[in-house]
Amino acid sequence: MQNTIKYSGLKNLNPIEQQIINQILEREYPRIQRMIKNESDLHVHIKTVKKDTRKRYIISIRLEAATKMYSTKTKDTEEAGDWDIKKATHKAIEHLESEIKRSIKPDEGKWKKSKLRKILEKIRGE
């Protein structure tokens, strides 16, 4: 792994759309790397669905880190794709970031009953 971004499905996009996705991911990928703190590869799959005369963009991202793999596979729903390529890319990145945050700090903010019980016993005993 060498911190690369790999794309698939770019042939369905015109050069301007390719440049937009590339700029957004090049800007956001270092922030994702800081969250992981390891080398990782980012695989981006772009799917376009033509509905009537417009294109709907569905972007799936898979992050392969040394310890774990994170993915944002979604179906064509209101949460997943978008008519605007910038919005669809940002939605996929936000989904990936929330997936990483959830797996890195699962117990943050939660007190176990035994810890709470010990603290209350100390307060009552003093």
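Derivation of every value follows stated rules applied to the coordinates shown; laboratory data play no part. Quantities reported herein were computed from a predicted structural model and do not represent experimental measurements. No Cβ is skipped: glycine too gets one built from the backbone with ideal geometry, and neighbour counts run over all protein chains shown.
List of remarks:
- Set Thr72, Thr48, Thr53, Thr89: member being in contact (Cβ under 8 Å) with a residue 24 or more places away in the chain and over 16 Å from the mean Cα position of the chain (by Cα): Thr48
Each row is one residue, and each column tells you yes or no for (1) part of a strand (DSSP E or B); (2) touching a Gly at 6+ places or on another chain (Cβ under 7 Å); (3) hydroxyl-bearing (Ser, Thr, Tyr); (4) over 15 Å from Asn3 (Cβ atoms).
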{"position": "Ile21", "(1), (2), (3), (4)": "no, no, no, yes"}
{"position": "Leu25", "(1), (2), (3), (4)": "no, no, no, no"}
{"position": "Leu42", "(1), (2), (3), (4)": "yes, no, no, no"}
{"position": "Ala88", "(1), (2), (3), (4)": "no, yes, no, yes"}
{"position": "Glu94", "(1), (2), (3), (4)": "no, no, no, yes"}
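- Residue selected from the range 56-69 under the condition more than 13 Å from the chain's Cα centre (by Cα) and closer than 15 Å to Ala88 by Cα, by the criterion surrounded by the fewest Cβ atoms within 10 Å (Cβ to Cβ): Arg56
- Condition met for Thr67 (without any contact (Cβ under 8 Å) to a residue 40 or more places away in the chain and touching a Phe, Trp or Tyr at 6+ places or on another chain (Cβ under 7 Å)): no
- Answer residue from the range 14-43, given it is touching a strand residue (DSSP E or B) at 6+ places or on another chain (Cβ under 8 Å), in contact (Cβ under 8 Å) with a residue 40 or more places away in the chain and among the aliphatic types (A, V, I, L, M) and is surrounded by the most Cβ atoms within 10 Å (Cβ to Cβ) among those: Ile21
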